[in-house]
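Student: Below are the structure tokens for one structure; questions will follow.
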Amino acid sequence: MAHAHSVKRHKGLMDWLTTVDHKKIGILYLLAGGLFFGIGGIEALLIRLQLIKPMNDLVSAQTFNELITMHGTTMIFLGVMPVIFALMNAVIPLQIGARDVAFPFLNSLGFWTFLFGGILLNLSWVMGGAPDAGWTSYTPLSTNTYSTTHGVDFYTIGLQIAGLGTLIGGINFLATIITMRAPGMSFMRMPMFTWTAFITSAMILFAFPAITVGLVLLTFDRILGANFFEVANGGSPVLWQHIFWIFGHPEVYILILPAFGVISEVIPTFARKRLFGYSSMVFATILIAFLGFMVWAHHMFTTGLGPVANALFSISTMLIAVPTGIKIFNWLFTMWGGQVRFTAANLFAIGFIPTFVMGGVTGVMLASAPADYQFHDTYFVVAHFHYVIVGGLVFGLFAGLHYWWPKMFGRVLNETIGKWEFWLFAIGFHLTFFVQHFLGLMGMQRRIFTYLPNQGFDTLNLVSTVGAFLMGVGVLLFLFNTILTATKPKGVANDPWEDGRTLEWTIASPPAEYNFKQIPLVRGIDAYWKEKMAGNKEMTPAEPLGPIHMPSPTILPFVMSVGIFIAGLGMMFSKEHFSNSFMSLIFNNWIVVIIGLLITFGSMLLRSLFDDHGWHIEVEELEEEGVKA
Amino acid sequence: MSVDQHADHDVIKHRHRSEGPQKHIIVFIFSIILTVIAFATVAAGGVNATFTVILLLIMAILQVFMQLGYWMHLKDKGHLMPILFMIFGFFVAGTAVIMALYWVWW
């Protein structure tokens, strides 16, 4: 092993395009996710501006439909999912004491396919109209009969490509967590965030194939003239709803479980107590994931499934409140009697609890099928899912970002600004969405672009819009905070919160390329805390100092993703009538698709034919760095 | 830690419990026999259609188990996770298929 392979090191932009380091890919996910989160946020503000007063004409009905569709799609698939992956990439290998993920190449491929899928979807704004059939893209509204622009094609193909990245990422984390835990870290000693990331990845593995199939069917219907959802030719529009929600309901648990994980890390750290009821937390997480696959039809109570099916799905949905309740009480009992510090991260984590409970309670209300006939497609539903996704997930993400920022970037975010962010965002959030419960109960429908005056909607909508802008200010403050922090010098301690419990706090911030010079030996839950309590300054190594094998950087994942992107665009415009004969030649004869696929499969061939054995960091190099540190 | 290094360890760990090729050859012959039975039943014709379908399904299920157990090594130690994940996968996919059959098409 002592024969060092020389490795080509890239600088600047090329370094980021070719990196296979999970820490850098985490930062890329964060940047891309942040960008799309910003776009989705601007769309949200435009929606709220349009609804600020009755009979407003800021945007047309068509633009409004595009805005709500893109707001939902962007936020779910391109905004919060990547930020979840950012945290998972930045933290999971460190928490389990590994030097990288199981498949560093795939990790990079997953990021680039996600990014190009997201770019394709958002290109729709400048290429003839965004998708306008809602984020659920229900048929028949999304079929050719009712949706004649390329909007829904951008949706199907963009999401297909982005979904590929998510699926790849999920599989990678499954393999990583199953095979690469440090010696001594049994499953029941894994940190809670690793547990939730594991379960989330499993859910991705089972849920994403459903949307993949659904999107393929819809693409075939729209571009190749198939009839899966065309009633006139024997298709069934309700089939789309089933397929979409078989994916879609697990998807919302895919979103919320990592937030549960973040909260389960932040609260014990800042309460200086171990997590209350660790094993019940694990059990509850698994149960939520399991039940999550058996509740999808509660989105479809009003499609006429019949009383038996409605009753069954009502009950299974209400059952989910039980494991979720276990979690809520565990967090409360963790804080009980602890020395709670109200840092910005902990404020977001504690703010999460009541907010998420409110979203959960309206969830149980919606689970009751007869009541759902009243709530269906009103602002009550909008309020509910924003309470769980924003009040739950986004609070969790902010908590996680504040908490792990020093580990990712070597600098602590400004606490004072952080607290302002929390209060502005939290107050703005409740102003925006609390009133929407009542708007819904009064009968205001979702997805309508305007409303008549004097129905009791006017004031509440104004309040809601004001709240949305407060949230916007909160997010901008966070952005300002990150920029301000970036100008400060690096160099925080390994354990900047001083009460770190898990392995990521035992190594430098940010960690060296290889994370752990020697893989640590894990002797219990909260491995680092256990050593601290035993009076040790650092972990006991589980292996002698030796050369470290590293994967080589490569541009291939980026090129593969470019190929898929080109093929996607070619597919979308394959039936378009072009006035330009050259365009018509290359698009209508599938030449663009073929070129794109050749690029992708060519890169795969290159990857297969030329073995890349990686390279080694030698012991001398490691020791030198040890002296410097 | 790269995959390669792991692979090195695995090779060392796995080597002493490898049983040689005999079992694989037996399983291979057995799968060929199953395939021949399936093809022969259809080719012979004249057999009751329902019976043929049931027979084919049984042959297919046996094949799947042999493939998974021997060629995918699911019968070996240390394969609990793949087995659990496959069972859950069958569960999720089965739910979806049954749903589609009973709710959408009937």
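Student: Return an integer: the convex hull volume of the alpha-carbon atoms of the range A:335-465, in Å³ per residue.
Tutor: 130 Å³
Student: Once amide H atoms are placed 1.01 Å from N in the peptide plane, what residues at a sequence separation of 5 or more from A:MET550, or on another chain, have their amide H within under 5 Å of its amide H?
Tutor: For A:MET550, the qualifying residues are A:TRP615, A:HIS616, A:ILE617.
Student: Something else: Can you compute 3J(HN,Hα) from phi for each residue in the range A:437-449, using the Karplus curve 6.51 cos²θ - 1.76 cosθ + 1.60 with θ = phi - 60°, rounded to whole Hz and x for Gly and Pro?
Tutor: 4, 6, 4, x, 5, 6, x, 6, 7, 7, 6, 9, 8
Student: Determine Rg/Rh for the protein assembly as shown; Rg is computed over alpha-carbon atoms and Rh is the Kirkwood hydrodynamic estimate from the same atoms.
Tutor: 0.97
Student: Given 10 Å bins starting at zero, what is the percent of C-alpha pairs of the range A:482-574 in each, up to the one with the largest pair distance?
Tutor: So the P(r) values, bin by bin, are 13, 28, 21, 20, 12, 6, 1.
Student: Give the cross-link partners of A:LYS24 among the lysines, using a straight C-alpha distance below 16 Å as the criterion and excluding same-chain residues fewer than 8 apart.
Tutor: A:LYS11, A:LYS407
Student: So, one more: Do the sum for chain A: with -39,500 (n - 2.57) for every DSSP H run of n ≥ 4, divided by all residues, what is the mean residue ellipticity at 222 nm, to the nearest 500 deg cm²/dmol?
Tutor: -21500 deg cm²/dmol
Student: Can you give the mean number of other chain Cβ atoms that lie within 10 Å of the Cβ atoms in peptide A:203-214?
Tutor: 2
Student: Moving to a separate point now. Pull out a ≥ b ≥ c, the square roots of the eigenvalues of the alpha-carbon gyration tensor of the range B:49-106, then state rounded if a/c is under 1.5, prolate if not and a/b is larger than b/c, and oblate in the remaining case.
Tutor: Judged from the Cα gyration tensor, the range B:49-106 comes out oblate (a/c at least 1.5, b/c at or above a/b).
Student: Can I ask one more? How far apart, in nm, are two points set 7 Å out from the Cα along the Cα-to-Cβ line at A:LEU605 and at A:VAL463?
Tutor: Between A:LEU605 and A:VAL463, the simple spin-label model gives 6.5 nm.
Student: Quick one: net charge around A:LEU121, please, counting Lys, Arg +1 and Asp, Glu -1 for every other residue with C-beta under 14 Å from its C-beta.
Tutor: -4
Student: So what is the relative contact order for the range A:176-302, in percent, with contacts set as C-alpha pairs under 8 Å and at least six apart?
Tutor: 34 percent
Student: Here's another thing I want to ask about it. Could you give each residue of the range A:417-426 its phi-based ³J(HN,Hα) in whole Hz, using Karplus coefficients 6.51, -1.76, 1.60 with θ = phi - 60°, and x for Gly or Pro?
Tutor: 4, x, 5, 4, 3, 4, 5, 5, 5, 5
Student: In what sequence, highest mean first, do A:15-22, B:69-76 appear when ranked by Cβ atoms within 10 angstrom?
Tutor: Descending packing order for the listed peptides: A:15-22, B:69-76.
Student: Would you mind calculating the relative contact order of chain A from Cα pairs under 8 angstrom and at least 6 residues apart, reporting the percent as a whole number?
Tutor: Once normalised by length, the contact order is 17 percent.
Student: Over 29 Å between Cα atoms, which of A:LYS517/B:LYS77; A:LYS327/B:LYS77; A:LYS488/A:LYS517; A:LYS488/A:LYS530; A:LYS327/A:LYS488; A:LYS532/B:LYS77 qualify?
Tutor: A:LYS517/B:LYS77; A:LYS327/B:LYS77; A:LYS488/A:LYS530; A:LYS327/A:LYS488; A:LYS532/B:LYS77
A short reminder: the numbers here are calculations on the coordinates, not readings from a lab. Keep in mind that this is a model prediction, so the values were computed, not measured. Ideal geometry is used to build each Cβ from the backbone, glycine not excepted, and the neighbour counts take in all protein chains shown.
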